[in-house]
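A.B. asks: One structure, as structure tokens, below. Some questions next.
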Amino acid sequence: MGIFIMLIIILAFTAAALRKELVPALIGAAFLLPWVYCLFMTLTLALLHSRRSHRIFFRISPREIIAGDDVSVMCCEGDTASEAGRFLQLPLILVRCRLFLATRDDRQIKYEFNNAGSTPAQKAPAAHSFNVEKRGAYFTVADELTVFDILGFFRFSFRIHNDRLSSNDNARILAAPLPADEAPAVNARAGDSSLNPEFSFQRADNLIDHRPYVPGDDPRRINWKLFGHAGDLFVRDDEREKPPRSNIAILIDTEYDPLLYSARSARQSIDLLCENALAAALACKESGMDVIIEYANSSREGAEAQSLEIFNDPQRLDAFARGSLGKEASALAWPAAIPMSFSPQLPAISEDRGVLILALPRSTAEASALDRFLKETAGRSARKNRTVDVLFVCANTTSEGGTAEDRLTAGETCAAIYNRYPGVRARVAAV
């Protein structure tokens, strides 16, 4: 803009000199005065703040949140990470701190804030808040200190380098999803234990109450007299006990088919998978199972991205179910939409766990992480009496890249193919 205004000034004075008229000269002078002021003052402030840009950094807190919550950002300075003082500003010349974050599937957050008080005597505010609307692990794209004039003529930006953010795995924000309103049905098997989340153990002091025997129960608690009458095994329900293989792994297949999904609709669909995965995990945990959640390429994200520690503490689990806790579900912030051409991998799961896989419909059952995983594990799962559940989740709404009918048809076709695999139960859910 500054160069464009300079050309107008040159043309105005040239016209005034050639035609010997006063009006073009006045127009050129009217543009020249603010142009010179903005150039001189913006350059002066840029020189003053250039050194300071090497000492400041932005601190975001909290790191783990639930999607839709607010986070605060504060400009800090020096090795002690104390709050940075106010930035000098001049009339019509502004200084702004700029934060630019993005997920690995290009979901972006851009936030600009003023660290200077409205008057020279006013202290700068300690923190500024902004909302994180969508789930995801947000990484730094650019932290900048910008000096510019209010007329838009000149702009100087200084990149803020922070050694604390040098690691590619150091996400600035982990926004976890809320669980879906209704958990998908799960009927996975591991060993001899039927892992149905609708089944739960009830604690009772009345020895007359019984429940069906489940492999792993103490044989000493079997009521043999009742077996003689009914012919079925029952145990006294006088203590809380669960089978030793009552565990499940929930896998999120983050691949999407570019023929059915655009990049934007794929991000929204992966959000849907994460919401349903969390709802299923909560339901399984409430029924007494040990639950882990993993996803394509999760082994590359570090240990914190591979399981939900929330399930180890019932009180924290209840708090999260009420929507007041996001830190323990931060693992579900990491999954990002990946095109099938990138060839991600689903992590291997121990054979003592039932498996539920949440995936998006695709136009082909071949050449995908899901296909490779099922081919490697289906035979072993059948021999170990372990069931692998595959649930293709598709939204009922039409979005970019394809219609809901196309995705539903593709999911049904893939489910029919995978149901031929031993130990695999594939189905489609429209939500």
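A.B. asks: Could you give me the ³J(HN,Hα) list for region 412-428, computed from phi with Karplus coefficients 6.51, -1.76, 1.60 and θ = phi - 60°, whole Hz, x at Gly and Pro?
C.D. replies: 5, 5, 5, 4, 5, 5, 6, 5, 7, 6, x, x, 10, 10, 10, 8, 10
A.B. asks: Sequence-distant or interchain residues sharing an amide H contact under 5 Å with residue 213, placed H: which?
C.D. replies: Residues meeting the amide H criterion: 233, 234, 235.
A.B. asks: For region 1-82, what is the charge dipole size about the Cα centre, in debye to the nearest 20, if Lys and Arg each add +1 at the Cβ and Asp and Glu each add -1 at the Cβ?
C.D. replies: Here the size comes out at about 420 debye.
A.B. asks: I need the phi-derived Karplus couplings for region 251-265: 6.51 cos²θ - 1.76 cosθ + 1.60, θ = phi - 60°, integer Hz, Gly and Pro marked x.
C.D. replies: Values, residue by residue: 9, 10, 7, 8, 6, 9, 8, x, 6, 10, 9, 7, 4, 5, 5 Hz.
A.B. asks: Ranked by Cβ crowding within 10 angstrom, fewest neighbours first, how are 132, 390 ordered?
C.D. replies: The order, fewest Cβ neighbours first, is 132, 390.
A.B. asks: To the nearest 0.05, what FRET efficiency results for residue 130 and residue 155 with a Förster distance of 25 Å applied to their C-beta separation?
C.D. replies: 0.70
A.B. asks: Which order do the peptides 259-270, 23-34, 146-157 come out in when sorted by mean C-beta neighbours inside 10 angstrom, highest first?
C.D. replies: Per-residue mean Cβ counts within 10 Å order the peptides as 259-270, 146-157, 23-34.
A.B. asks: Among 414, 76, what is the fewest-to-most ranking by other Cβ atoms within 10 Å?
C.D. replies: Ranked by crowding around the Cβ, least crowded first: 76, 414.
A.B. asks: Another one. Exposure proxy check: 412, 21 ranked by fewest other beta carbons within 10 Å?
C.D. replies: Final ranking by Cβ density, sparse to dense: 21, 412.
A.B. asks: Which ³J(HN,Hα) values, rounded to whole Hz and listed in residue order, are derived for region 49-61 from phi using the Karplus coefficients 6.51, -1.76 and 1.60 in 6.51 cos²θ - 1.76 cosθ + 1.60 with θ = phi - 60°, glycine and proline given as x?
C.D. replies: My calculation for region 49-61 gives 9, 5, 5, 5, 4, 7, 9, 9, 7, 9, 10, 10, 8 Hz in order.
A.B. asks: Say each of residue 50 and residue 7 gets a label point 7 Å from the Cα, pointing the same way as Cα to Cβ; how far apart are those two points in nm?
C.D. replies: 2.7
A.B. asks: Okay, next question. I need the calculated FRET efficiency for the pair residue 70 and residue 141, taking r as the beta carbon distance and R₀ as 30 Å, to the nearest 0.05.
C.D. replies: Computed FRET efficiency for residue 70 and residue 141: 0.90.
Values in this text are rule-based calculations from the coordinates and carry no lab data. Given the structure is predicted, the values throughout are model-derived calculations rather than measurements. Neighbour counts are summed over all protein chains in view; Cβ atoms, including those assigned to glycine, are modelled from backbone coordinates with ideal geometry.
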